[in-house]
1. Any idea which of (1) of a type outside the set (D, E, K, R); (2) in contact with a Leu (Cβ under 8 Å, 6 or more places away or on another chain); (3) modelled with pLDDT of 90 or more is the one B:S91 doesn't satisfy?
2. Hey, among the residues in the stretch B:127-181 that are within 16 Å of ligand 2 (Cβ to nearest atom) and of a type in the set (D, E), which one's nearest to the other protein chains (Cβ to nearest Cβ)?
3. Does A:V264 satisfy the condition of being buried (at least 18 other Cβ atoms within 10 Å of the Cβ) and in a loop (DSSP other than H, G, I, E, B)?
4. Considering each of B:S40, B:S45 in turn, give the residue that is more than 14 Å from chain A (Cβ to nearest Cβ), within 16 Å of ligand 2 (Cβ to nearest atom) and under 24 Å from A:V327 (Cα atoms).
5. For the stretch A:168-185, what are the residues that are in contact (Cβ under 8 Å) with a residue 24 or more places away in the chain and within 16 Å of A:G215 (Cα to Cα)?
6. Considering only the stretch A:93-120, state which residues are in a strand (DSSP E or B) and either open to solvent by 90 Å² or more (accessible area, probe 1.4 Å) or of a type outside the set (G, A, S) (or both).
7. Look through the stretch B:86-95, keep the residues that are in contact (Cβ under 8 Å) with a residue 60 or more places away in the chain, part of a loop (DSSP other than H, G, I, E, B) and not polar (S, T, N, Q), and return whichever of them is nearest to ligand 1 (Cβ to nearest atom).
8. How about the stretch A:121-139: which of its residues are surrounded by 19 or more Cβ atoms within 10 Å (Cβ to Cβ) and in a loop (DSSP other than H, G, I, E, B)?
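The values are calculated or read from the model by the stated rules, or taken from the named source; none is laboratory data. Keep in mind that what you see is a predicted model, and the values were worked out from it rather than measured. Neighbour counts run over all protein chains shown; Cβ positions are idealised from the backbone, glycine included. Heavy atoms of the whole protein, side chains included, go into the accessibility calculation; ligands, DNA and RNA do not. Shrake-Rupley method; radii C 1.70, N 1.55, O 1.52, S 1.80 Å.
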Amino acid sequence: MNSLKALFDQDTWQEIFGSISKNRTRTVITVIGVLWGIFIYIALSGAAKGLDNGFERQFENIAMNSMFVWAQRTSIPYDGFKIGRNIELKLSDIEYLKKRVPEIEFVAPRNARGVFGGTSPLVVRKNKSSNYNVYGDFPEYTKIATKKIYDGGRFINEEDIKYRRKVCVIGERTQTELFAEDENPIGQYVRIDNIYFQVIGVHKYVPGGGFESDGDIFIPFETYRQIYNSGESVQWFTIAAYDDADVVAVEKDIKAVLKRIHRVSPDDERAFGGFNLGEIFNKIVGFSKGMTLLSLIVGIATIIAGVIGIGNILLISVKERTKELGVRRALGATPAEVRNQIIIESVFLTLVAGILGIILGAFVLAGINAATLDLTDFPYTNPTVPIPYILGALFIMVFLGTLIGLIPAQRAVSIKPIDALREE
Amino acid sequence: MIQIKNLHKSYKMGASSLHVLKGINFEVEEGELVAIMGSSGSGKSTLLNILGMLDVADEGDYILDNVPIKDLNETKAAKYRNKFLGFVFQSFNLINYKSALENVSLPLYYQGIARKERQVLALDYLQRVGLKDWATHLPSELSGGQKQRVAIARAMASRPKVLLADEPTGALDTKTSYEVMDLIQKINQEGKTILVVTHEPDIAQMCKRIVQLKDGVIIEDKKVEQVIASKYVQ
Ligand SMILES: Nc1ncnc2c1ncn2[C@@H]1O[C@H](COP(=O)(O)OP(=O)(O)OP(=O)(O)O)[C@@H](O)[C@H]1O
Ligand SMILES: [Mg+2]
């Protein structure tokens, strides 16, 4: 109560400013200690957050818990089959997979020309032509990997599949390479391997997320099947598990089911390939969480060290000022008044240092942000420190400042005034 | 104004203990100017510190302005000091980073007087000790005599009942000592009760009463014909 009154008393501050500004070196050294601490904290956790944001941006267009699964050759003879048998995924696998592995949310079978060996189909528009990878897709695919389609266009839909329409979604590079700048490609026709396709959309390329590129062309799965004669076979499945599923376990289950369907030895590790984005993502998240935690620990440790420094210096200064404090008490300062003054000094110094550190840290983060703004392949975005973290840090500083101030404050009043006055 | 009865004080130093005050009895009326004399180590400062509530006696009664001083905790003692007592020390004890004016207003700050009023009062006291023009100067820019006058202004600023001065002229030359005593006499003439500890007989003669201490007891207590200090100050 008393100390609260002192806190809002102009005279208290007069006294504190007096003692702070009259002991300049002490004040500066003290402030630097804590400033450094909070600066480290802000800079580190901001940087960690930037990395975090960066990774998140890399993966924002693909479901976190998704994976690709494809078939290879057997490496173990099994069930009367020889080693080295070529396996092909089939459309009918999907039903089994969904039935046996309930954690699966979506399965999108995909076929492609020019991705895994083979040449990319030639795509012709009027007098312009180039080779692009062509994918056969179901609409489900966008539930796993979002495709941003530019205004006016759309992705493949159920009707396209049903009627085996000859429609395609082209990439932004395809657009710039095959169309004039002021031309709207939607509704126009391109020839893919000599078959006319109508353009229904242009997808925006987002970096990251596998082997796709800004030149990819997507056509309905059924159309692909017809023109390339792919029958029942599927080159790979893109599978998304439910959010709460353990992606590593799901991948194992999926492979086990596929081995059973295709009569492959359960121990054959080579028959099916897989690329588990979820697993990788978890590792990255773990890494950036670790970074955040590390910066939190390092930052807080540095802050604590800084505050302890303040306590030390205040303790020294209290010793130096023993006589002054004795005089004050002879003149009528109560122990509480002396104590409060020192604690408020401690908290004030801590806070000033902290706020300076936050400002400095913010500048450095702004600098890092400006420097990494054009780096598209380096995962680093918007390095910020959440406000609650900053408030938390300030709160910790006030708390520690008070706590550490108690030591010199107690020492200041533990001496009898008569002994304090006798001090030389 | 002051009544003390059978005051005892000893200092413990390890196993042994030093009996410094061995039953002091005396009274001081309002408006008196008392010199306390005695050889070094006779307990003068100890007595003054107990009167100033900077230290506590082991035994005995102390009544200040009809208030029995007992069961003091530090907070209570601080409030009494602030209300009843003004201190003048041999070594001035000004706060070195505060100006003369700020030093004088410090006891007023602890009395809870508002800043504006404090400054007016402090300046008034500085004027009374003839140092109005030095208000903004730091102690390091003042002479010994000037420092002691600032200290006296500071002691007076809280309008105490009693002024306690422990060898106020101990660090000053004769001429400056007389100037300080002149000031003390003038404050006394306005009715303030003052106790001065001193070694110097000429300073003691400028008081109205001399109390002699020896080995922790009062051996002599007499009224004297006061020598007027201003006669020695031009
Ligand atoms: N805090 C203390 N601890 C132990 N002994 C003390 C303490 N203060 C004073 N003394 C002793 O008590 C005795 C009286 O001291 P005091 O300071 O009262 O003497 P004094 O009369 O003021 O002497 P002086 O004229 O030298 O100032 C001295 O022997 C001194 O050593
Ligand atoms: Mg003495």
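1. Only one criterion is unmet by B:S91, namely (2).
2. Looking at the filtered set, the residue picked out is B:D166.
3. yes
4. Numbers: B:S45 fails: more than 14 Å from chain A (Cβ to nearest Cβ).
When all the criteria are applied, what remains is B:S40.
5. We begin by selecting, within the stretch A:168-185, every residue in contact (Cβ under 8 Å) with a residue 24 or more places away in the chain; these are A:168-175, A:177-179, A:184.
Matches in the stretch A:168-185: A:C168, A:V169, A:I170, A:G171, A:E172, A:R173, A:T174, A:Q175, A:E177, A:L178, A:F179.
6. Of the residues in the stretch A:93-120, the ones in a strand (DSSP E or B) are A:104-113.
Once the filter is applied, which keeps residues that are in a strand (DSSP E or B) and either open to solvent by 90 Å² or more (accessible area, probe 1.4 Å) or of a type outside the set (G, A, S) (or both), the stretch A:93-120 yields A:I104, A:E105, A:F106, A:V107, A:P109, A:R110, A:N111, A:R113.
7. The first filter runs over the stretch B:86-95 and keeps only residues in contact (Cβ under 8 Å) with a residue 60 or more places away in the chain, leaving B:86-92, B:94.
Going one step further and asking which of them are part of a loop (DSSP other than H, G, I, E, B), we end up with B:89-92, B:94.
Those left that are additionally not polar (S, T, N, Q): B:89, B:92, B:94.
Details: B:F89: 11, B:F92: 16, B:L94: 20 Å.
Applying the filter and picking the extreme gives B:F89.
8. Kept after step one, since they are surrounded by 19 or more Cβ atoms within 10 Å (Cβ to Cβ), are these residues of the stretch A:121-139: A:121, A:123, A:125, A:132-138.
Correct list: A:P121, A:Y132, A:N133, A:F138.
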